[in-house]
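Visitor: Would you mind keeping the following structure in view while I ask a few things?
The values are calculated or read from the model by the stated rules, or taken from the named source; none is laboratory data. Note that the structure is a prediction, hence the values are computed from the model and not measured. Cβ atoms come from the backbone with ideal geometry, glycine included; neighbour counts cover every protein chain shown. With ligands, DNA and RNA removed, areas are computed over all heavy atoms of the protein, side chains included. Shrake-Rupley method; radii C 1.70, N 1.55, O 1.52, S 1.80 Å.
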Amino acid sequence: MTSISRMFCAVIALAVSIALPVFADEAASSPTVASSPAQADNDGPVYGPELQGFDYPYPVGRFAISSQRQIVRMAYMDVAPKRPNGRTVVLLHGKNFCAATWKESIDVLTDAGYRVIAPDQIGFCKSTKPVRYQYTFQQLARNTHALLAALGVKKATLVAHSTGGMIAVRYALMYPQESEQLVLVNPIGLEDWKAKGVPSISIDDWYTRELKTSADGIRNYEQATYYAGHWDARYEPWVQMLAGMYRGAGKEVVAWNSALLYDMIYTQPVVYEFGQIRTPTLLLIGDKDTTAIGRDLAPPEIRPTLGRYPELAKRAAEAIPGARLVEFAELGHAPQMQDPHAFHQALLGGLAALGEKSN
């Protein structure tokens, strides 16, 4: 090999080493993380990167999918009712939630006769967190569709919260004949943050931010955004559920997948396609919600224009043909957790209305 060839190879090797993110051995500690705010909470529970050690309310199955040249496993709960009404509800969790956070809704829905399937999406909670994966809402919708097909579900109602709402919209657009009803619970994606002026950051920057995740940070954010300034001890297990994965040896792969998912959410808006939805749609919206991806990155003059859910919900209801909107004036981003009684009353009423209409 000539000296020029050796020099060329060395340059290429250096470029590749810079371009690819580096993951430490899961058993090793990271000096960056050791000095991060997360360490203030490291006396809490420690969970594995697939939430090993955190118990779900019902048995968890794992569905293996061949996806993007690898086998990934999608965790899910499949809960049968005692007196089936012939309908299936699929519960889709949000970015900072898991299938387990739907526990109260599962109980209410199965008591009402619905079969309930609650998956963890790839990259979240008890499902596989690949080191390399191209996240798209189409991919997550396909994964969900494959799971339902394997479980023998030919048609389902999708009840989707937060980021799950963006997946559900994509699912309904891709599989309209298999989507019986769409229930969007404070979905994000009702606006295009990029178009509104929220600047982009790299996946590497998202990764650095995610490594700083702590229980205190999660709790403070959720109190302000999810629960309209209120806090209840009932919410704490869900804070620890997330924080525990960042206390464990697998925190790097958890943070990396979270970074990839944030980039997906920011770059793949669904709001422009609301008019194409043909599935009967119910919007259940807590008006005190202010969720907006990248708000802290936006210029000060833009921040107040983001996450204005009363306005966003009304626009979505007008854009989605035949959509019905139910608002909870005093609730935030997670009405199903903040006021379960009011939420489930509205949910069951909306589900029953579809049944009456189809009859």
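Visitor: Relative to the present Cα-Cα distance, how much length would full extension add between residue 208 and residue 68 at 0.36 nm per residue of separation?
Guide: 47.9 nm
Visitor: If you count the DSSP beta bridges with both ends in segment 55-199, what percent of them are antiparallel, to the nearest 5?
Guide: Here the share of antiparallel DSSP bridges comes out near 45 percent.
Visitor: Roughly how many Å² of residue 354 are accessible to a 1.4 Å probe, to the nearest 10?
Guide: 30 Å²
Visitor: Loop by DSSP (not H, G, I, E, B), at most 16 other beta-carbon atoms within 10 Å: where is the longest site-free stretch of the chain for GluC sites (Glu not before Pro)?
Guide: The longest such stretch corresponds to 27-300.
Visitor: Still on this structure, please answer the following. Straight distance only, please: which aspartates and glutamates reach the Cα of residue 288 with their own Cα at less than 16 Å, same-chain residues fewer than 8 apart left out?
Guide: Here the aspartates and glutamates satisfying the reach criterion relative to residue 288 are 222, 311, 327, 330, 339.
Visitor: Continuing with this model, one more query. Identify the trypsin sites (Lys or Arg not before Pro) of segment 123-178 meeting these criteria: DSSP loop state and at most 14 other C-beta atoms within 10 Å of the C-beta.
Guide: Passing sites in segment 123-178 are 132, 154, 155.
Visitor: Which residues make up the longest stretch of the chain that has no chymotrypsin sites (Phe, Trp or Tyr not before Pro) in a DSSP loop with at most 15 other Cβ atoms within 10 Å?
Guide: 24-230
Visitor: Tally up the carbon and sulfur contribution to the accessible surface of the chain as a whole percent, 1.4 Å probe, everything protein left in place.
Guide: About 55 percent, which is the carbon plus sulfur part of the accessible surface.
Visitor: Now a separate question. Compute the relative contact order of segment 103-192 as a whole-number percentage, counting only Cα pairs closer than 8 Å that sit 6 or more residues apart in sequence.
Guide: 23 percent
Visitor: I've got another one for you. For a test of the definition: using alpha carbon positions, the gyration tensor, and the 1.5 limit on a/c, classify segment 126-211 as rounded, prolate or oblate. Can you show the working numbers first?
Guide: Working: a/c = 2.57, a/b = 1.50, b/c = 1.71.
Verdict is oblate for segment 126-211.
Visitor: Okay, moving on. Rounded, prolate or oblate: pick one for segment 186-252, where a ≥ b ≥ c are the square roots of the eigenvalues of its C-alpha gyration tensor, a/c under 1.5 means rounded, and failing that, prolate if a/b is larger than b/c, else oblate.
Guide: It is oblate, given that a/c is not under 1.5 and a/b is not larger than b/c.
Visitor: Going through segment 66-115, which trypsin sites (Lys or Arg not before Pro) have at most 12 other Cβ atoms within 10 Å and a DSSP loop state?
Guide: Answer in residue order: 69, 82.
Visitor: A further question on this structure: Over the chain, average the accessible area per residue using a 1.4 Å probe and give it in Å², no decimals.
Guide: Accessible surface, normalised per residue, equals 44 Å².
Visitor: Continuing with the same structure: Which order do you get for 174, 74 if you rank them by accessible area with a 1.4 Å probe, largest at the top?
Guide: If we order 174, 74 from most to least accessible, we get 174, 74.
Visitor: If you take the alpha carbon radius of gyration of the chain and divide it by 2.2 N^0.38 Å, what ratio comes out, to two decimals?
Guide: For the chain, the normalised Cα radius of gyration is 1.02.
Visitor: Mean separation of Cα pairs under 8 Å and 6+ residues apart, divided by the residue count of the chain: what relative contact order is that in percent?
Guide: Answer for the chain is 19 percent.
Visitor: Say we join alpha carbon atoms closer than 10 Å with springs in a Gaussian network model of the chain; which of 233, 319, 99 then has the biggest fluctuation?
Guide: Result for the chain, Cα springs under 10 Å: 233 fluctuates most.
Visitor: Let me ask something additional. Build a GNM of the chain with springs between Cα atoms under 10 Å: which of 145, 333, 161 gets the top mean-square fluctuation?
Guide: 145
Visitor: Taking amide H positions as placed 1.01 Å from N in the peptide plane, with prolines and chain starts having none, which residues 5 or more places from residue 228, or on another chain, fall under 5 Å of its amide H?
Guide: So residue 228 has HN proximity to 332, 333.
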